[in-house]
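Student: Following this message is one structure expressed as structure tokens.
Every number in this text was worked out from the coordinates using simple rules, so none of it is lab data. Computed from a predicted structure; not experimentally measured. FYI the Cβ positions are ideal-geometry reconstructions off the backbone, even for glycines, and counts take in every protein chain you see.
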Amino acid sequence: MANPKRKHSRSRRDTRRSQWKLTAATLAKCSNCGALKIPHHVCPSCGFYNEKLVAAPKPEKTQEEEKGA
């Protein structure tokens, strides 16, 4: 098993970790309804992709249904 010969400094460790971060999600506007969606994915609010209906949109739950579930 390979082991380091010398201890890496805090500066070297932190320099390496500086690239290890989260990026903000990229969002695009739906051409059909104008809602924000992930690019190259079906719009969750209207079900359109590439100006064609490919999935029926999910109906919104009412407050009564949420309490019962």
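Student: With mean projected area of the Cα convex hull in nm² as the read-out, I listed [x] 6.5; [y] 6.8; [z] 11.0; which label goes with the value calculated from this structure?
Tutor: This structure yields the entry labelled [z].
Student: Using the Cα centre of the chain as origin and beta-carbon charges of +1 (Lys, Arg) and -1 (Asp, Glu), tell me which of A25, C43, Q63 is placed farthest towards the positive end of the dipole.
Tutor: Among A25, C43, Q63, the one farthest towards the positive end of the dipole of the chain is A25.
Student: Then there is this: In the chain, which GluC sites (Glu not before Pro) are in a loop and have at most 12 other Cβ atoms within 10 Å, using DSSP for the loop call?
Tutor: Details: sites: E51, E60, E64, E65, E66; in loops: E51, E60.
Loop-located and lightly packed - E51, E60.
Student: Find, among the trypsin sites (Lys or Arg not before Pro) in the chain, those assigned to loop by DSSP (not H, G, I, E, B) with at most 11 other beta-carbon atoms within 10 angstrom. Could you put the intermediate results ahead of the total?
Tutor: On the way: sites: K5, R6, K7, R10, R12, R13, R16, R17, K21, K29, K37, K52, K61, K67; in loops: K5, R6, K7, K21, K61.
Qualifying residues, ordered by number: K5, R6, K7, K21, K61.
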